[in-house]
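K.L.:
Take this structure first; my questions come after.
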Amino acid sequence: MNHTLPVCRARWRDVHDIVDLVAGPFADSATGAWLVPDDRRRRAVLTSVVRVWTEHALLSGEAYLLQDHSAAAVWLHRYGPTPAPTGYGERLAVACADHLDRFLQLDDVLGAHRPADPHNHLAFFAVTAQPHRIRRAGALLAASNARMGQARLPTYTEANTPAERDLYARHGYVAHEPFRLPDGTTTWPMWRSPGLRQPGRNPARPAICPYAAMSA
């Protein structure tokens, strides 16, 4: 059932739709409110930041959409030391203005908990609030997991709600010890071993924890 919805690889012409899908829920989240307290500017600021990373993913990763553009998955290939987007500091400063320190703080916290080993990183995953939302999410996650699995590398993402954590778990991800974002949001690092392509399987925990030592 999860595989009946068509999924396509995103192109440059799809950047606007992906950014719109991701920035909306981000602006409504506690983390988004902490990053940009001014609710009049929040959506515009977050849209600019999401665009920076989405464009970077199309150069240093992959992105996928349901064919009707109701869901998006943005992946970064982290096969070794991964450079920031071109001109990241300047673009972030322009986008965030006086909120820059908060974005850098969030970057530091997420980076401290990210796996050190080579992996594919699901950086953004967003689904519109419409009928069959869970089915749409499952279809896109299954398809993009299968594509990432061709590299025979683990995949990683962060879940910011129990519902997200449970969705990823149904697709073979294992939740590790949660940590807190600067705004207080509880976040679960989710790790999926290569080869686990069928939802519902219960993967064994890796014999060696893939996470880097936490410095913050």
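K.L.:
Mean-square fluctuation check for the chain, GNM, Cα pairs under 10 Å: which of Pro131, Pro85, Pro25 is largest?
P.N.:
With Cα springs under 10 Å in the chain, the top fluctuation among Pro131, Pro85, Pro25 is at Pro131.
K.L.:
Explain nothing, just the number: relative contact order of the stretch 1-69, from Cα pairs under 8 Å at least 6 residues apart, as a whole percent.
P.N.:
Details: 56 pairs, mean separation 37.5, N = 69.
Rounded, it is 54 percent for the stretch 1-69.
K.L.:
Given the Cα-Cα distance of Glu90 and Ala30 and 0.36 nm per residue of separation, how much length would full extension add, in nm? Each step should come with its number before you reach the end.
P.N.:
Values: separation 60, 0.36 × 60 = 21.60 nm, distance 2.56 nm.
Length difference between fully extended and current span is 19.0 nm.
K.L.:
Which values of log₁₀ I(q)/I(0), to two decimal places, follow from the Debye formula for the chain at q = 0.08, 0.10, 0.15 Å⁻¹ with a uniform point scatterer at every Cα?
P.N.:
-0.26, -0.41, -1.00
K.L.:
Still on this structure, please answer the following. Compare Thr185, Thr161, Thr86 by solvent-accessible area with a 1.4 Å probe and give them largest first, with all protein chains kept in place.
P.N.:
On the way: Thr185 25, Thr161 55, Thr86 125 Å².
The ranking, largest first, comes out as Thr86, Thr161, Thr185.
K.L.:
Which sequence of Val94, Val7, Val52 reflects their accessible areas, 1.4 Å probe, from the largest down? Don't skip to the end; give the middle numbers.
P.N.:
Details: Val94 125, Val7 50, Val52 10 Å².
Putting Val94, Val7, Val52 in descending order of accessible area: Val94, Val7, Val52.
K.L.:
Identify which of Ala27, Ala129, Ala159 has the largest mean-square fluctuation in a Gaussian network model of the chain, with springs joining Cα atoms closer than 10 Å.
P.N.:
Taking springs between Cα atoms under 10 Å, the residue moving most is Ala129.
K.L.:
To continue, here is another question. Please compute the net charge surrounding Ala44, taking Lys and Arg as +1 and Asp and Glu as -1 over other residues with Cβ under 15 Å from its Cβ.
P.N.:
On the way: positive: Arg40, Arg41, Arg42, Arg43, Arg51, Arg91; negative: Asp20, Asp28, Asp38, Asp39, Asp98.
Net charge around Ala44: +1.
K.L.:
Using a Debye calculation, one point per C-alpha and no hydration shell, please list log10 I(q)/I(0) for the stretch 117-156 at q = 0.14, 0.29, 0.30 Å⁻¹ in order.
P.N.:
-0.36, -0.99, -1.02
K.L.:
Once the dipole of the chain is set up with Lys and Arg at +1 and Asp and Glu at -1 on Cβ about the Cα centre, which of His56, Gly138, Trp191 lies farthest towards its positive end?
P.N.:
Value: Gly138.
K.L.:
In what sequence, highest mean first, do 72-83, 102-113, 54-65 appear when ranked by Cβ atoms within 10 angstrom? Please list the in-between numbers first.
P.N.:
Numbers: 72-83: 17.4, 102-113: 15.1, 54-65: 19.7.
Highest-to-lowest ranking by the protection proxy: 54-65, 72-83, 102-113.
K.L.:
Would you list Tyr156, Tyr88 from the most to the least accessible area, probe 1.4 Å?
P.N.:
Values: Tyr156 0, Tyr88 35 Å².
Result, largest first: Tyr88, Tyr156.
K.L.:
Still on this structure, please answer the following. Find out how many positive minus negative residues lie around His69, taking Lys and Arg as positive, Asp and Glu as negative, among other residues whose Cβ is under 10 Å from that of His69.
P.N.:
On the way: positive: none; negative: Asp14, Asp17, Asp20, Asp68.
Every neighbour counted, the sum reads -4.
K.L.:
Can you compute the charge dipole magnitude of the stretch 46-108 about its Cα centre, using +1 on each Lys and Arg Cβ and -1 on each Asp and Glu Cβ, nothing else charged? Give it in debye, rounded to the nearest 20. Please list the in-between numbers first.
P.N.:
On the way: 4 positive and 8 negative charges, 18 e Å.
With Lys and Arg at +1 and Asp and Glu at -1, about 80 debye.
K.L.:
Right, next: What is the percent carbon and sulfur in the accessible area of the chain, measuring with a 1.4 Å probe over the protein chains and ignoring ligands? Mind showing how you got there, number by number?
P.N.:
Details: 5680 of 10710 Å².
Reported share for carbon and sulfur atoms: 53 percent.
K.L.:
Let me spell out the model: positive unit charges on the Cβ of Lys and Arg, negative unit charges on the Cβ of Asp and Glu, origin at the Cα centre of the chain. What dipole size does that give, in debye rounded to 20? Please list the in-between numbers first.
P.N.:
Numbers: 24 positive and 20 negative charges, 160 e Å.
Dipole of the chain, to the nearest 20 debye: 760 debye.
K.L.:
Rounded to the nearest 10 Å², what accessible area does Trp53 show when all protein chains are kept and the probe is 1.4 Å?
P.N.:
Approximately 50 Å² of Trp53 is accessible to the 1.4 Å probe.
K.L.:
Evaluate 2.2 N^0.38 Å with N set to the residue count of the stretch 1-119, then give the Cα radius of gyration divided by it. Display every interim value, and only then the final one.
P.N.:
Working: Rg = 15.1 Å, N = 119, 2.2 N^0.38 = 13.5 Å.
For the stretch 1-119, the normalised Cα radius of gyration is 1.11.
The values are calculated or read from the model by the stated rules, or taken from the named source; none is laboratory data. Every value quoted in this text rests on a predicted model; they were computed, and no experiment measured them. Neighbour counts are summed over all protein chains in view; Cβ atoms, including those assigned to glycine, are modelled from backbone coordinates with ideal geometry. With ligands, DNA and RNA removed, areas are computed over all heavy atoms of the protein, side chains included. Shrake-Rupley method; radii C 1.70, N 1.55, O 1.52, S 1.80 Å.
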